[in-house]
Amino acid sequence: MAEVLVLVDHVDGEVKKVTTELLTAARRIGEPAAVWVGDATEQGKAKLAEFGAEKVYVAPAELNDYVVAPKAELLAHLAGEKSAAAVLVSATTEGKEVAGRTAVKLGSGVLTDVVDVSADLVAEHSVFGGATLTHAKVRTGTPVIAVRPNAVAAEAAQGAAAEEQVSVEVSDAAKTAKVVERVKQEQGDRPELTEAGIVVSGGRGVGSDDFSTVEALADSLGAAVGASRAAVDSGWYPNQFQVGQTGKTVSPNLYVALGISGAIQHRAGMQTAKTIVAVNKDPEAPILEISDFAVIGDLHKVAPQLTEEINKR
Ligand code: FAD
């Protein structure tokens, strides 16, 4: 069975949930082979084995000294050497860039914002800012597929996770952008936005930089907090929490939009959420067109009541 390369997303030696989802998708296509750039931890490798990785290719940490490009060179090199059936990466900001660069190097095609992929490599993906789902298949070369976090349900299946050291000669071109510092973004105890199963976002309707109403509801649900660009541009919430076309893409099980109108650029980042709940005082707000449930009212009255009810349970 041909190998399917899965680029591992890891932080502080821990494998992120999205990688377990990619391994699950990879098992439908062929034999999952995880690609870990950096020092692979025992705990991380055990997680990869738990979700079916038959191999773990470990590449030197120095590849992380440069921005994105060496990862693409590594994946392209491995895809050729191993005659991989496909390359799967997470559809995060970095993952999408790696995907594009890898496909260029392979002379193949790339599919991004994929929400499902079948055994015969037909990918369902979100296009036109999330307005449409299409089915597409790469016809030339090794397909490179960027899958959205939370889109595929991770299922455990034991794999051998046989470790093999790999490397690639990093080109001069890939060395042009060097990482000088990595700054860890503060997110407190809340889950990471793109990985969270539940996201509660606030928009201009919040009315000020006091996001405590949004945060309290998020905390009652164990959710991540997001924000619309209007809220971010107003300086009410930090930029790294922006959801949308120019922010993060999320695909949680539940997305709660508090005081967000539902502009196309916001939808682009959240429309594939499985259930969408809106709280908006305008019954004509466009967000209602894509909401499964809506409460028409003032979020400062509705959200605290919701929080109180949830906290009672
Ligand atoms: P508004 O559109 O002003 O909506 C506020 C909503 O709150 C209204 O529906 C109102 O009825 C409701 N409301 C007001 N008060 C209350 C209350 N007390 N209780 C309940 N409801 C209330 N936007 C993004 O979000 N993410 C992006 O990544 C993004 N990228 C963009 C990229 C480009 C190139 C461009 C041009 C725009 C982008 N935008 C993005 C901006 C986008 O077009 C909208 O301007 C923005 O999403 C609006 O944010 P909002 O819904 O919070 O504000």
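The values are calculated or read from the model by the stated rules, or taken from the named source; none is laboratory data. Because the structure is predicted, anything quoted here is derived from the model rather than measured. Cβ placement follows ideal geometry from the backbone for every residue including glycine, while neighbour counts extend to all protein chains displayed. For the accessible areas, the whole protein counts, side chains as well, though only heavy atoms, and no ligand, DNA or RNA atoms are used. Shrake-Rupley method; radii C 1.70, N 1.55, O 1.52, S 1.80 Å.
Here are the numbers for this structure:
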{"quantity": "Enumeration of residues in the stretch 23-59 that are out of contact with any Gly (no Cβ under 8 Å at 6 or more places or on another chain), farther than 22 Å from Val147 by Cα and of a type outside the set (Gly, Ala, Ser)", "calculated": "Glu42"}
{"quantity": "Number of positions in the stretch 212-237 that are within 18 Å of Glu308 (Cβ to Cβ) and within 10 Å of the ligand (Cβ to nearest atom)", "calculated": "1"}
{"quantity": "Selection status of Pro304, over 17 Å from Ala131 (Cα atoms), in a loop (DSSP other than H, G, I, E, B) and open to solvent by 40 Å² or more (accessible area, probe 1.4 Å)", "calculated": "no"}
{"quantity": "Search result, residues across the stretch 46-67 that are more than 21 Å from the chain's Cα centre (by Cα) and surrounded by fewer than 17 Cβ atoms within 10 Å (Cβ to Cβ)", "calculated": "Ala46, Ala61, Glu62, Asp65"}
{"quantity": "Strands (runs of 3 or more DSSP E) within the stretch 1-108 that include 1 or more residues without any contact (Cβ under 8 Å) to a residue 40 or more places away in the chain and either of a type in the set (Val, Ile, Thr) or touching a helix residue (DSSP H, G or I) at 6+ places or on another chain (Cβ under 8 Å) (or both)", "calculated": "31-37"}
{"quantity": "Test: residue in the stretch 259-274 that is open to solvent by less than 20 Å² (accessible area, probe 1.4 Å), more than 8 Å from the ligand (Cβ to nearest atom) and out of contact with any Leu (no Cβ under 6 Å at 6 or more places or on another chain)", "calculated": "yes"}
{"quantity": "Residues of the stretch 275-285 classified as within 8 Å of the ligand (Cβ to nearest atom) and either open to solvent by 50 Å² or more (accessible area, probe 1.4 Å) or in contact with a helix residue (DSSP H, G or I) (Cβ under 7 Å, 6 or more places away or on another chain) (or both), total", "calculated": "4"}
